[in-house]
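Working notes for the structure below.
Please treat every number below as a calculation from the coordinates, not as lab data. If you're wondering where the values come from, they're calculated on a predicted model, not measured in any experiment. Every residue, glycine among them, receives a Cβ derived from its backbone with ideal geometry; neighbour counts consider all protein chains shown.
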Amino acid sequence: MQPTQGKIRFSTALLSVMIVSSMALTACGSGNDSSNNTSNTTTNASGNTGNSTDAANDGNTGTAAPAEKVTVEFWANKFEATTDAWFKKWVDAFNKSQDQIEVKLQIVPGDAWAQKLKAAQAADKAPDFYTMNYGGIANAAKLAQIQPLNDLIEGAKFDDLYDNIKDFVSVGDKYYAYPMLVEPSAVLYYRKDLYEAAGLDPEKPPTTWDELIENGKKLTKDGIFGLATGQTAPDLGWSSWGLQSGAAGHLALTDDWSKADIMNDGYRAVVNFYADAFKSGIMPKQALSGYPDIAPFGQGKVAQAINGSWAIGQLRNDFKNMLDKVGVAPMPSQNGDASTTTATLGGWTLVVDGKSKHPKEASAFISYLLGGETDVMIDFFKTSQFSKFSPRKSVDEAMKSDPAASQDPWRALIAEKVIPFSKAEPIYPWDVSIAVSTAIESAMKGTDPEKALQKAEKDINDFIAKSKLAGTNPKAAQ
């Protein structure tokens with residue numbers, strides 16, 4: 001179901017109408033009346049009949065002057081090479097489809113992202129719009145770092161989202177982002193052939209943490225490690241969220257963000273799981289890659305790997321010759337209950353910067369890319385080898401008629417056995433997650449787990465006091 005030329009021409013023709021109307025209304029009305037301007041814009045973009053305003057009329061000849069082309073800056077995190085290519089493909093298609101907006105794309109490596117964006121915002125040179133994960137939206141909205149989109153993107157496009165995803169991108173009654181995808185953060189990948197060689201049943205992957213470690217011990221031989229997962233604080237800061245939620249029944253703060261909530265058996269179990277796995281010798285002393293990268297598993301250096309659903313795309317693109325040896329299963333839980341949360345349901349969105357001078361034009365592209373023709377997003381999910389999942393009902397409905405999507409067993413397993421039990425990522429500051437992950441890493445390296453948790457509790461409570469975090473949870477205030 002690659003997009004047809006007819007569909008693309010129809011979509012971009014409507015886009016041209018929308019931009020011309022938007023510019024016209026801006027020229028003849030108050031520059032602050034964005035609600036009225038955008039309301040007419042979305043009506044035209046929907047193909048509905050509406051009043052046309054020729055703001056470019058010079059008043060003498062009755063001939064509209066050509067609209068000036070608006071350039072908008074778009075920064076995207078560097079993801080898989082296939083995702084980078086998909087962004088470039090559709091930015092190019094958008095730019096060629098009309099002559100009112102020019103989108104300039106910059107792919108920014110993850111290790112440089114935070115510093116680069118912060119510096120750009122401080123200098124009032126931030127991009128007009130950019131990628132943002134779900135966990136950052138509520139706080140960015142509270143600080144006015146991003147703009148509400150209710151008056152910039154047609155309401156029907158938000159109606160197309162699944163209800164739980166609407167909550168991911170909203171604060172109160174305002175939407176602050178449009179979602180691109182959802183993906184669980186933790187899935188178990190294992191080598192079926194190595195299971196057989198070790199006397200393990202490849203059709204019965206582990207369901208508990210203890211089983212996962214015991215399997216790892218049997219698989220660790222001949223230079224192959226039995227398990228790979230997050231090992232350093234930054235990676236553990238987010239890759240362990242699902243285990244924290246499942247074992248403790250909550251994340252690291254009380255609901256009002258007044259204090260840490262980690263001195264309990266659930267968090268003790270999480271810290272001990274990582275410490276036991278590392279100390280058992282089934283993990284390399286130094287991580288072979290960052291958590292998002294499953295290459296060591298694909299290269300045959302690891303027999304079991306915990307990674308996100310995105311790893312399916314990497315395996316299918318880069319390690320085609322070993323796919324028949326790969327098993328995929330839910331990440332085991334502490335007690336073996338398949339309904340226990342072991343993954344957070346993260347993902348990425350596009351947001352408009354709070355100081356963007358061209359929010360309408362930025363939102364026009366967001367609507368085109370993420371909220372427009374279903375073929376555009378189906379192209380993305382095909383490109384990602386169905387390792388990611390749609391937040392839009394219409395896209396999922398369209399994929400039912402696509403043989404590749406509807407018959408994919410790994411996609412079905414994750415959709416049926418992982419996503420329904422995954423929770424949202426936390427929205428509290430990253431400092432909290434770093435404190436927890438530092439405790440986990442410290443315990444892995446030999447610190448007494450109880451002392452490691454006590455230090456994390458103190459660090460979190462100190463941070464809460466210093467940053468005056470108590471009572472500021474934007475979701476609790478709704």
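Summarised as an ellipsoid, the chain has semi-axes of 44, 27, 18 Å, derived from the eigenvalues of the Cα gyration tensor scaled by 5 and square-rooted, with the largest first. Amide H contacts of ALA260 (H built 1.01 Å from N, in plane; Pro and chain starts excluded): ASN461 sit under 5 Å, all sequence-distant by 5 or more or on other chains. Rounded to the nearest 0.05, the FRET efficiency derived from the C-beta distance between LYS301 and ALA85 at R0 = 35 Å is 0.85. Run the paramagnetic zone check for ALA120: 7 angstrom along Cα to Cβ, then residues of region 147-161 with backbone nitrogen under 17 Å. Answer for region 147-161: 147. Modelled label positions at MET263 and ASP431, each set 7 Å beyond Cα in the direction of Cβ, lie 2.0 nm from each other. Per residue, the chain reaches -13500 deg cm²/dmol at 222 nm when only DSSP H runs of four or more residues are counted, each adding -39500 (n - 2.57).
Here the relative contact order of region 180-312, from alpha carbon pairs under 8 Å that lie six or more residues apart, stands at 39 percent.
Set the Förster radius R0 to 30 Å, insert the Cβ-Cβ distance between ASN335 and GLU397 as r into 1/(1 + (r/R0)^6), and round the FRET efficiency to 0.05. Once rounded, the FRET efficiency stands at 0.25. Our analysis of region 253-358 gives Rg over Rh at 1.06, with the two radii drawn from alpha carbon positions and Rh computed by the Kirkwood formula.
Here LYS204 and ASN95 are evaluated by their C-beta separation; at R0 = 51 Å the FRET efficiency comes out at 0.50.
The distance from the alpha carbon centre of region 269-308 to that of region 388-407 is 32 Å, rounded to a whole number.
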